[in-house]
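The structure appears right after this line, and notes come after that.
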Amino acid sequence: MIKNRLLQLIHLLISFALIMGALGIGNTIQTFTGISVPGSVLGMLVLFLSMALGLVKVEWVKPGATLFIRYMILLFVPISVGLMQHFDMLIANALPIFASAVGGSLIVLVSLAWFLDYLLKEKN
């Protein structure tokens, strides 16, 4: 039983190391290139590409990713507190925020519908 727990802990640490390594690579790419895409997004792209190319197996990343997803709500607490500190600014800009959220969603919905329509017509 202790051996099994120790093995699970090692898999979890390897998973965290892979995720944090991808994050570090993404931050490094962002720092050296100076592009406006956040390093965390670049890190997720690096992790995705490494898994898609077979360099990293999904089973290696899954324990840490599952743990992050399970406790993801705790990661939003600081953001929520920050929003409440600037609630007046949020209310003052509520209409543009709402319009961009609805407009962006509609753009994604329509473009996805056109793309799927194109793909389905091409198969027939």
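The values are calculated or read from the model by the stated rules, or taken from the named source; none is laboratory data. This is a predicted model, so every value here is computed, not measured. A quick note on method: Cβ atoms are made from the backbone with ideal geometry, for glycine too, and the neighbour counts reach across all protein chains shown. What goes into the accessible areas is simple: the full protein's heavy atoms, side chains included, and nothing from ligands, DNA or RNA. Shrake-Rupley method; radii C 1.70, N 1.55, O 1.52, S 1.80 Å.
The numbered conditions (1) closer than 29 Å to Ile14 by Cβ; (2) β-branched (Val, Ile, Thr); (3) surrounded by 11 or more Cβ atoms within 10 Å (Cβ to Cβ) are all true for Val77 except (3).
Kindly indicate whether Ile2 is open to solvent by 90 Å² or more (accessible area, probe 1.4 Å) and of a type in the set (Val, Ile, Thr). Against the criterion (open to solvent by 90 Å² or more (accessible area, probe 1.4 Å) and of a type in the set (Val, Ile, Thr)), Ile2 qualifies.
Taken over segment 41-61, the criterion of being within 20 Å of Leu12 (Cα to Cα), open to solvent by 90 Å² or more (accessible area, probe 1.4 Å) and within 14 Å of the chain's Cα centre (by Cα) is satisfied by Met44, Phe48. The set of residues in segment 19-40 being within 25 Å of Leu67 (Cβ to Cβ), out of contact with any Gly (no Cβ under 7 Å at 6 or more places or on another chain) and open to solvent by 40 Å² or more (accessible area, probe 1.4 Å) consists of Met20, Thr28, Pro38.
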